[in-house]
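Have a look at the structure below, then the notes.
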Amino acid sequence: MGILNVITYIPLIGALVILFFVNRNNARAIRVVATATAVIDFLVSLWLWPNFDRAATGVKMWQFRETYNWIPSLGVKYDFGIDGISLLLVLLTTFMGIIAVVSSYTAIHHREKEYYTLLLMLQTGMIGTFCALDFFLFYVFWEIMLVPMYFIIGIWGGARKLYAAIKFFLYTLAGSVLMLLSILALYFFNDGGISFLNIKGLGNPGTFSVLQFHEIGHLIPPSLQFWIFLGFFFGFAIKVPMFPFHTWLPDAHVEAPTAGSIILAAVLLKMGTYGFVRFALPILPDATKQLLVPIVVLSLIGIVYGALVSLVQKDMKKLVAYSSVSHLGFVMLGMFALNPMGLRGSVLQMINHGISTGALFLLVGFIYERRHTRLIADYGGLAKQMPVFAALFLVAALSSMGLPALNGFIGEFTILLGAANSTAFGTMSYAVIAAIGIVLGAAYLLWLYQRVFWGPLDNPENAKVSDVNRRELGLMLALIALMIWIGVYPKPLFDVLEKPVDYIVQKVEPTYFDKQPLTYPAAAEHREVAAK
Amino acid sequence: MTWGDALFLLPELVLALGASLLLIAPVSGRGGARVSESSAKWAMLVLLAVTAVSVFLTSWGVQNITPTRGFRAMFAFDGFSIFFKLLFLVVMALVTLLSDGYLRGTRYSGWEYYSLLAFALCGMFFMVSGIHLATIYIGLELMSLSSYILAGYFKNEQKSTEAAMKYFVLGAVSSAILLYGISLIYGVTGTLNLLGIANAMSTLVTNDALMFGIMMLGAGLCFKIAAAPFHVWTPDVYEGAPTPVTAFLSTASKTAAFAIFARIFYVGVHHFRLDWQYVLAIVAALSMILGNFAAITQDNVKRMLAYSSIGHAGYVLLGIIAVSEMGLRGILVYSVVYVFATLGIWATVLMLQQQEYAGERVDDFEGLHRRAPFWAFAMVVFLLSLGGIPPTAGFIGKYFLFYAAVGAGFGWLAVIAVLMSAVSMFFYFRLVMAMYLREGREDPIPAQGSLRLVAAVCLLVTLLFGVLPSPLIDQARISGRWVASRAAMLTPNGR
């Protein structure tokens, strides 16, 4: 058992402890076990941070590797390992796990035992997905995540929870089964090919190893790449969610309990973008370039559309949900710039979005617990009644809209730089359109803030609410500390990302580092490596 | 046939003898007194155990399978048949446990019921061992005739007799079609042995009589596995038949039909696969689409599962269409995972039926998570398995079938299959929704011994093979080796 397995299965063990050893009426004990599990898991995962070798390249870039035979006759291995991208996402997951558990203390009043069990199981599924280096294993974890989330939305959700839960489930499932077919096609190409379609395989032993697919990806004929990419696209784009596939997201977010929304926004949506970064781009470089323009156009539509729809929302949670569509559009845009700058910004923005949007959902959850309404019209002048809450909300909103010195700015700025410089785009116009999204982002968040916190405190209901308590303050301060850290000193994160991002760029654009020798220093290193 | 050959028939002989004994057992008491009903279950279980021992005993003997005349041209005792025989024995034991409590709540005798089950099982044994169309047909008829009676076993209930009547009439027609196909194939090739047919076909070019024969054969078999458009009997029969009989029809009986379908098409007529693959592909696509979409609108659980079983027939057809080693392995693996998940669901339905004479409607499952937590959890696992969600065994089964379809170049069919399995989650999750997401009655349901045992076994198998599928996969590879090797030898015409 290596460290990654420990991190993955600690939540599962905690879930089993709750399931079998804690009485269902003892809510306090259930919370204690769940919190302890989440905290221990986070502390253990922190161990990865100092022990991660940031300079490693090639196959050594995948660290803390553990490989066991799982289903030998199919070539399926139980293969765990993380690079810098996975590292950040694993840390984000374990961290948000604590936030999700602690934020549920007062939000969840019935069936606590099942709730915390499911929440911890979900945690295991998510960490496993980020660690898996075998496609079969990845798919198993990917699907395992669905079921707990379905129950979390469906049991503890709002008024239309049944509809939202099944919609979430079916949308994601439909996408992921198509991804399964793409995985199979990769397997066949690596193995014996598909004689029926006159596709010659490479004749390698059958495997689902992601690293092996990275090696052979560029050998796949572009026509086949196109179809495989399409399968991946449906699987990941629904999860992101990209523009025409986003309709499940507002429903799921609005109906889910606070912790469900936090996990959904912070981690589950990242599964889609992570899938693109980890699989679609490096394995299918030709198809990536072939489909670049449609995907970027969809991302831009997502950015602008998400922001415009956010502007007109009456429900705070729905507003934040649509803002996710806009933010994830940025992530996709940076990724498909296909240069190190854009990709780094893209991965960093995944983390940022998790923190900022997670914080916004948390805050909306706080106020919902007090007033049981999320309609903006029910509020006004809250800053007088809840000054601390107002301050916290302001920081979270500013971080989300990308104010300098907070995390959102770093991500969005890097993405825009990457998009503007992108040779793959060949035009500045994409970056310009995306910049409109930033302006609109400031508009809907500030307008929301204005309507909720300023003006007269004219609703008598609002005059009775209490300000945040210590538990809530602690949660938010932890998130804000991260926002400021990333906003002021993002270098440690960029350091972790440097090698993996270069690796992906090299896979997609093998000649990138030859063409642009002076973009940034890492390119020199790459040429040295290539020369050897 | 020699006395030595009779050794290979030992399991079938034991079953036939045992079934006859079960029939006369109740009147064998002293002075004509009836033997008590409660011992019927035990008698059946003992018979199954003895049969299992005899299967193991005979499996020590090695037998050549030849296309020449005589016993060995009719009856094979290969890994394929042993695999299915052992599966049937386990399934029958579980069906027996399911039936016991149910029958005792009624005025119908258990002895004749178990006797009919044993006769059906004997027929299934002949089916999976048959490598001669006559053997297969006779086995099929023995199974079918027993099933018709079983479906109408509650002879005073209108629904049950109606189901039996429909099943019988349509079943007889389909048998006739099958027989017609067999006779046409015999007319062209001059033999009924599957190897002989394959040999004869390898020298033939496509001709109408042969194609017609193969299509008739396929149509008859599609009726037996309930594939669209030969599926219309399924919902009515599943709904009307006594629930344990439905459990038997949807698992053992259906699996036996899968087995002979695979055996005939892999060993016998694989030579013309380019001609029948596309026809079966359309049948498979229709079954998956129709079965899964029709199931969405059903409020009766028995009908819902009937339609879903039509969809599952479509999935299994993927393995047959592929005509490959992986396809056959998929059929074997899928049979196992499908059977255990389905039996588990029937156990849950029966549990509700016996407790409160409910369980047929989706609404009856409301609040089950509070009333019977174990059953609700087990039910979720079974439904996930049928839907093919990891880490349940159903995923492994579906994986093989999709793999086989993609590998055989039927990518479009695989796309339909995966999308339909997403659709199927919609109605499977209607039950999950009722059990966990809706609050219903709160009174706990008392534990029930034998039903609980069935559910526990099914749960264990479903989870175990989901997480550690290697033993099942390897066994399927070994068991299917001979049949798959026949299909691999083919020399496709026209290419």
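Give the aspartates and glutamates reachable from B:Lys254 as a straight Cα distance under 19 Å; neighbours fewer than 8 places away on the same chain don't count.
B:Glu141, B:Asp236, B:Glu239
Past the 18 angstrom mark, what percentage of all C-alpha to C-alpha distances in segment B:309-386 do you count? It would help to have the intermediate numbers written out before the result.
Numbers: 1481 of 3003 pairs.
Beyond 18 Å sits 49 percent of the P(r) for segment B:309-386.
Quick one: net charge of B:Ala404's neighbours, Cβ under 10 Å, K/R +1, D/E -1?
Details: positive: B:Arg329; negative: B:Glu325.
Spelling it out: positives minus negatives among the neighbours equals 0.
Mind checking the angle between helix A:84-103 and chain A's longest principal axis? C-alpha axes, 0 to 90 degrees, to the nearest 10.
It is inclined by approximately 20 degrees.
Quick one: compute a quarter of the convex hull surface over the Cα atoms of segment A:229-272 and quote it in nm². Intermediate results must be reported in sequence, preceding the final value.
Details: hull surface 11.5 nm².
For segment A:229-272, averaging the hull's shadow over all directions gives 2.9 nm².
For chain A, what is the relative contact order in percent, using Cα pairs closer than 8 Å and at least 6 residues apart in sequence?
Result for chain A is 14 percent.
Under the rule a/c < 1.5 gives rounded, and otherwise a/b versus b/c splits prolate from oblate, where does segment A:97-231 land using the Cα gyration tensor?
Working: a/c = 4.02, a/b = 2.41, b/c = 1.66.
Prolate shape, in that a/c is at least 1.5 and a/b is the bigger ratio.
Size of segment B:179-295 along its principal axes in angstrom, Cα-based, largest extent first?
Here the Cα extents, ordered largest to smallest, are 48, 25, 20 Å.
First check a/c for segment B:247-314, with a ≥ b ≥ c the square roots of the eigenvalues of its C-alpha gyration tensor; if it is under 1.5, answer rounded, and if not, answer prolate when a/b is larger than b/c or oblate otherwise.
Working: a/c = 6.55, a/b = 1.65, b/c = 3.97.
Oblate, since a/c reaches 1.5 and b/c is not below a/b.
Given an 8 Å cut-off on Cα distances and at least 6 residues of separation, report the relative contact order of chain B as a percent.
Relative contact order here is 15 percent.
What's the angle, to the nearest 10 degrees (0 to 90), between helix A:407-421's Cα axis and the longest principal axis of chain A?
40
Per residue and in Å³, how big is the convex hull formed by the alpha-carbon atoms of segment A:243-372?
So the per-residue Cα hull volume is 90 Å³.
Principal axis lengths of chain A from Cα atoms, whole Å, largest first?
Its Cα atoms span 72, 55, 43 Å along the three principal axes.
If you average 1/r across every pair of different Cα atoms in the protein assembly as shown and take the reciprocal, what Kirkwood value do you get, in Å?
Over the protein assembly as shown, the inverse of the mean reciprocal pair distance is 30.5 Å.
Which net charge results when you count Lys and Arg as +1 and Asp and Glu as -1 among the other residues whose beta-carbon is under 14 Å from that of A:Leu146?
+1
If you add up the charges near A:Thr93, with Lys and Arg at +1 and Asp and Glu at -1, over every other residue whose beta carbon is less than 14 angstrom from its beta carbon, what do you get?
Every neighbour counted, the sum reads 0.
Please work out how much length the chain gains when fully extended from B:Leu204 to B:Leu45, using 0.36 nm per residue of separation minus the C-alpha to C-alpha distance, in nm with one decimal.
Values: separation 159, 0.36 × 159 = 57.24 nm, distance 4.87 nm.
Contour length minus the Cα-Cα distance gives 52.4 nm.
How far is helix A:316-336 tilted, in degrees, relative to the longest principal axis of the Cα atoms in chain A, given as a value from 0 to 90 rounded to the nearest 10?
Long axis of A:316-336 versus the principal axis of chain A: about 20 degrees.
Starting from the Cα of A:Ile301, step 7 Å along the direction of its Cβ; do the same at A:Glu369; then give the gap between the two resulting points in nm.
Computed distance between label sites A:Ile301 and A:Glu369 equals 4.0 nm.
To the nearest 0.05, how large is the calculated FRET efficiency for B:Ser28 and A:Val32 if R₀ is 60 Å and r is the Cβ-Cβ distance?
0.40
Using only Cα atoms, what is the ratio of the radius of gyration of segment B:244-369 to 2.2 N^0.38 Å?
Its radius of gyration relative to the 2.2 N^0.38 Å reference: 1.20.
Rounded, prolate or oblate: which one fits chain B, using the alpha carbon gyration tensor with axes a ≥ b ≥ c (rounded when a/c is under 1.5, else prolate when a/b beats b/c, else oblate)?
Oblate.
Can you give me the relative contact order of segment B:210-351 as a percent, contacts being Cα pairs under 8 Å and 6 or more apart? Walk me through the numbers on the way to the answer.
Details: 149 pairs, mean separation 44.9, N = 142.
So the answer I get is 32 percent.
When all C-alpha to C-alpha distances in segment A:50-155 are sorted into bins of 5 Å, what percent of pairs does each bin hold, rounded to whole numbers?
The distribution over segment A:50-155 is 2, 11, 18, 19, 16, 13, 10, 6, 3, 1, given as percents.
State which helices in chain B qualify, where a helix is a whole DSSP H run, it must extend 18 Å or more along its own axis by its Cα atoms, and its mean Kyte-Doolittle hydropathy must be at least 1.6.
The qualifying helices are B:10-24, B:38-58, B:79-104, B:208-225, B:373-387, B:411-432, B:449-467.
Determine which residues of segment A:39-62 fall in the zone a paramagnetic label at A:Glu215 would reach in this model, i.e. backbone nitrogen under 11 Å from the point 7 Å along Cα→Cβ.
Only A:59 fall inside the zone, counting backbone N under 11 Å.
Divide, for segment B:271-344, the radius of gyration over alpha carbons by 2.2 N^0.38 Å, where N is the residue count.
Numbers: Rg = 13.5 Å, N = 74, 2.2 N^0.38 = 11.3 Å.
This ratio for segment B:271-344 stands at 1.20.
State, in angstrom, two size descriptors of segment A:438-493 derived from its alpha carbons: Rg to one decimal place and Dmax to the nearest whole number.
For segment A:438-493, the Cα radius of gyration and maximum Cα-Cα distance read 16.0, 48 Å.
May I have the convex hull volume per residue, in Å³, for the Cα set of segment A:186-247?
Residue-normalised Cα hull volume stands at 101 Å³.
Rank these for me by crowding, A:Thr288, B:Thr297, going from fewest to most other beta carbons within 10 Å.
B:Thr297, A:Thr288
How large is the convex hull of the C-alpha atoms of segment B:370-455 per residue, in Å³?
It comes to 89 Å³ per residue, whole-number rounded.
Rule-based calculations on the coordinates, nothing more; no lab input. Here the structure is a predicted model, which means the values were calculated and not measured. No Cβ is skipped: glycine too gets one built from the backbone with ideal geometry, and neighbour counts run over all protein chains shown.
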